[in-house]
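Participant: My structure is below; once you've seen it, I'll send some questions.
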Amino acid sequence: MSKLILTVLTENVRADKYVSDNSELSRSTAAVLLEKGKCLVNGKVCGKNFRLNPGDIVEIELPEAEEPEIKAENISLNIVYEDKDLLVVNKPNGMVVHPAPGHYSGTLVNALMYHCKGSLSGINGVIRPGIVHRIDKDTSGLLIVAKNDAAHNGLAQQIKCHSFTRRYEAIVLGVMKENGAVNAPLARHRIDRKKMAVCENGREAKTIYEVIENYQKYSHLRLTLETGRTHQIRVHMSYIGHPVAGDPVYGDGKPKWLGGQCLHAKEIGFVHPITGENLFFSSELPEYFKKMLKNID
């Protein structure tokens, strides 16, 4: 059983809401933990309606994660490459990569389990079989899946050594006239644990960006990852004042019709972990991205 300790910075907020907003727990789960005395405020048991104020210390006894049975589902996949060791998938925006609370079906993993018929790396457990790296639900584009542990270990080592080639395209707010790079370490946001933030003591993170074209209020960029931190491009672009269009977390979420950030994992290159062959794949921009470009032309 692990614990999470939070120092409250918000005034007059319900305990269950604060715990949910600052952890991976749902509000209903937070409420149950509070009612069962598994969540203490300043060392004392309190109810879910208890009002927190700045300086309060919240100590949460986190329940052990239970891995549910993940079912194979016959979901269409856009596979751009496949052999006996790995495959490269072009994921649509809106598809969750691996099961999580609220998303135990319809994910990429559910589809992979059906397509690969159980032939997936088991290194990341039953929740993330074959998943070597991931992209966000509302980010589209290419990602690699390992079919066995040897392939998984080889790919993971390349990621660790930053030898992967990963290029994205994005539309960001504002006009960016020059190419450049953002070299700013990232860590979990100290208040909102579901977000990432630039932090002096965070993990190294570097994003290189090139301007493809400028528009009146937006810029179309090509972005290369030198590291692969969670939400890296989205946080870095927001940090320099150019959030990704449609991003509801690190930007203003506009235009709303996008339904999420206008970000596409367009190119990926790596050395095949078994054969040693150099592989490189590029994907076409998806329809939502093309529509955004037409609307800002």
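Participant: Select from the stretch 239-283 the residues that are closer than 18 Å to Glu210 by Cα, open to solvent by 30 Å² or more (accessible area, probe 1.4 Å) and assigned to a loop (DSSP other than H, G, I, E, B) and list them in ascending order.
Facilitator: Correct list: Ile240, Gly241, His242.
Participant: Looking only at the stretch 184-213, count every residue that is open to solvent by 60 Å² or more (accessible area, probe 1.4 Å) and within 16 Å of Val172 (Cα to Cα) and tell me the total.
Facilitator: Qualifying residue count, the stretch 184-213: 3.
Participant: So which residues in the stretch 73-92 are over 19 Å from Ile123 (Cβ atoms) and either open to solvent by less than 60 Å² (accessible area, probe 1.4 Å) or among the aromatic types (Phe, Trp, Tyr) (or both), if there are any at all?
Facilitator: Within the stretch 73-92, Glu73, Ile75, Leu77, Ile79, Tyr81, Asn90, Lys91 meet the criteria.
Participant: Go through (1) farther than 27 Å from Cys262 by Cβ; (2) free of Cβ contacts under 8 Å to residues at least 60 places away in the same chain; (3) in a loop (DSSP other than H, G, I, E, B); (4) open to solvent by less than 60 Å² (accessible area, probe 1.4 Å) for Val96 and report which single condition fails.
Facilitator: (1)
Participant: Considering each of Ala187, Ala156 in turn, give the residue that is over 30 Å from Gln216 (Cβ atoms), modelled with pLDDT under 95 and not in a helix (DSSP H, G or I).
Facilitator: Ala187
Participant: Then there's this: Please go through the stretch 2-12 and give me each residue that is surrounded by fewer than 18 Cβ atoms within 10 Å (Cβ to Cβ) and at negative phi, ordered by number.
Facilitator: Within the stretch 2-12, Ser2, Lys3, Leu4, Ile5, Thr7, Leu9, Thr10, Glu11 meet the criteria.
Participant: Still on this structure: Would you call Ser121 of a type in the set (Ser, Thr, Tyr), over 24 Å from Ile233 (Cα atoms) and in a loop (DSSP other than H, G, I, E, B)?
Facilitator: yes
Participant: Also: Among the residues of the stretch 4-29, write down those that are outside any loop (DSSP other than H, G, I, E, B) and either over 16 Å from Arg193 (Cβ atoms) or at pLDDT 85 or above (or both).
Facilitator: Ile5, Leu6, Thr7, Val13, Arg14, Ala15, Asp16, Lys17, Tyr18, Val19, Ser28, listed by residue number.
Listed here are the residues, each with its yes/no results for (1) among the small types (Gly, Ala, Ser); (2) modelled with pLDDT under 95; (3) touching a Lys or Arg at 6+ places or on another chain (Cβ under 7 Å).
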site: Gly125; (1), (2), (3): yes, yes, no
site: Gly130; (1), (2), (3): yes, yes, yes
site: His133; (1), (2), (3): no, yes, no
site: Ile144; (1), (2), (3): no, no, no
site: Cys161; (1), (2), (3): no, yes, no
site: Phe164; (1), (2), (3): no, yes, no
site: Arg167; (1), (2), (3): no, no, yes
site: Ile171; (1), (2), (3): no, no, no
site: Met176; (1), (2), (3): no, no, no
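Participant: Taking the conditions exactly as written (part of a helix (DSSP H, G or I), crowded, with 20+ Cβ neighbours inside 10 Å and within 19 Å of the chain's Cα centre (by Cα)), does Leu143 satisfy them or not?
Facilitator: For Leu143, the condition - part of a helix (DSSP H, G or I), crowded, with 20+ Cβ neighbours inside 10 Å and within 19 Å of the chain's Cα centre (by Cα) - is not met.
Participant: What are the pairs with Cβ atoms under 8 angstrom where one residue, in the stretch 62-84, is within 16 Å of Val96 (Cα to Cα) and the other, located anywhere, is of a type in the set (Lys, Arg) and at pLDDT below 95? Sequence gap at least six, or different chains.
Facilitator: Close Cβ pairs (under 8 Å, with a partner that is of a type in the set (Lys, Arg) and at pLDDT below 95) amount to Ala72/Lys117.
The values are calculated or read from the model by the stated rules, or taken from the named source; none is laboratory data. Bear in mind the structure is a predicted one, so any value in this text is a computation, not a measurement. Cβ sites come from the backbone with ideal geometry, for glycine too, and all protein chains shown count toward neighbours. The area values use the complete protein model at the heavy-atom level, side chains included, leaving out ligands, DNA and RNA. Shrake-Rupley method; radii C 1.70, N 1.55, O 1.52, S 1.80 Å.
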